[in-house]
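Trainee: The structure that follows is given in the form of structure tokens.
The values are calculated or read from the model by the stated rules, or taken from the named source; none is laboratory data. Since the model is a prediction, treat every value here as computed from it, not as a measurement. Glycine gets a Cβ as well: all are built from the backbone with ideal geometry, and neighbour counts include every protein chain shown. With ligands, DNA and RNA removed, areas are computed over all heavy atoms of the protein, side chains included. Shrake-Rupley method; radii C 1.70, N 1.55, O 1.52, S 1.80 Å.
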Amino acid sequence: MENDSIIGEVSEAIQDTTSVNDMAENIRKITTTPVSDWLPDLVREYVVPFGIKLVVAIIVLILGRWIIKLILKAFRKVMLRRSAEPSLNSFLNSVVSVLLHFILIVSIISILGINTSSLVALLASAGLAIGMALSGTLQNFAGGVMIMLFRPFKVGDFIASQGYEGFVSAIQIFNTVILTPDNKTVILPNGALSTGVVTNFNKETDRRVDWVFSISYGDDYDHAKAVLLRLCDADPRILKEPKPIIELLKMSDSTVDITVRARVKPEDYWGVFFRMNELVYKTFPNEGLHFPFPQMDVHVVKS
């Protein structure tokens, strides 16, 4: 048994030596043989086939991008024909675009002769590491899905969240885009929107406008109340039901504060708010009502 083991080791050593010698001999032949003798074979066996694959891959890339554009255009038309909401339309359009481009990339890699099964396994293993590194991005994707399922808001709604407020212009895979009243585009992550506090001003059919107007001590409160009611009734944007509420709020040091609460449609909120402030400022002096200002009575007593 020991002799057989020794013979086997010697045989393997001889084979390794033979293979090394063969490799050295091949290298010597390549370095000593003129380039004109082996270059045509190299071009015919390797360069030409790969060049053909590369040309085909480029053609597939160009056609694939053109086909993807057609598919996305047809998809948008179908969603529009079915009267799908713009928020759902933009979200699904982003998802379909990402999937189609991924399929195109895998197809091109397969045409080039790269083993796609190994690539998929590599992507799967790398995906775990990337997913852990991009946990925030995945959270935003999950948040986008939650927004589309539960629909706390939609495109066109006026919302407030994360210290920003504006009209929702698009709901994408990872982010929601809003346009502020001063014409600034703000991109909010879907993860924060799905788990944080969001105020949707368009969820209800009407919205309450609150004012606080002050008159001086000595002014006629009933007359001021009648003037405010007349101004509310004169504005057609203020809803008649429920009726506006006009009550004495409090009596401060120098002012008598009157609160006015009226209902309007969400889109009329700011217009009504600013217009009423202007009307009160112009109307009160003509009605004998005075705008108070801080004052202090000083009594001087001679000793």
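Trainee: Tell me, what HN-Hα J-couplings in whole Hz come from the Karplus equation 6.51 cos²θ - 1.76 cosθ + 1.60 at θ = phi - 60° for each residue of region 249-256, using x for Gly and Pro?
Mentor: Per residue, the Karplus-derived 3J(HN,Hα) values read 7, 6, 10, 8, 4, 10, 9, 10 Hz.
Trainee: Ignoring ligands, DNA and RNA, what percent of the 1.4 Å accessible area of region 173-288 is carbon and sulfur?
Mentor: Carbon-and-sulfur percentage of accessible area, whole number: 54.
Trainee: Let me ask something else about it. From the phi of every residue in region 94-106, what ³J(HN,Hα) in whole Hz does the Karplus formula 6.51 cos²θ - 1.76 cosθ + 1.60 yield, where θ is phi - 60° and glycine or proline is x?
Mentor: With coefficients 6.51, -1.76 and 1.60, one gets 5, 5, 4, 4, 5, 5, 5, 5, 5, 4, 5, 5, 5 Hz.
Trainee: Take Phe167, project a point 7 Å from its Cα along the Cβ direction, then tell me which residues of region 185-205 have their backbone nitrogen under 16 Å from it.
Mentor: Hits in region 185-205 for Phe167 at 16 Å: 185-186, 201-203.
Trainee: Calculate one ³J(HN,Hα) per residue across region 152-165 by plugging θ = phi - 60° into the Karplus curve 6.51 cos²θ - 1.76 cosθ + 1.60, and present them in order as whole Hz with x for glycine and proline.
Mentor: 3J(HN,Hα) across region 152-165, in whole Hz: x, 7, 9, 4, x, 6, 9, 10, 9, 6, 6, x, 10, 9.
Trainee: Another one. How far apart, in nanometres, would the label points at Ile245 and Asp233 be if each is projected 7 angstrom from Cα along the Cα-to-Cβ direction?
Mentor: Each label point is offset 7 Å from its Cα along the Cβ direction, giving 2.1 nm.
Trainee: Can I ask one more? For Tyr217, list long-range residues whose amide hydrogen, built 1.01 Å from N in the peptide plane, is under 5 Å from its own amide hydrogen.
Mentor: Val256
Trainee: Mind checking the log10 I(q)/I(0) for region 224-303 at q = 0.12, 0.13, 0.25 Å⁻¹? Debye, one equal scatterer per Cα, no solvent, two decimals.
Mentor: -0.44, -0.50, -1.30
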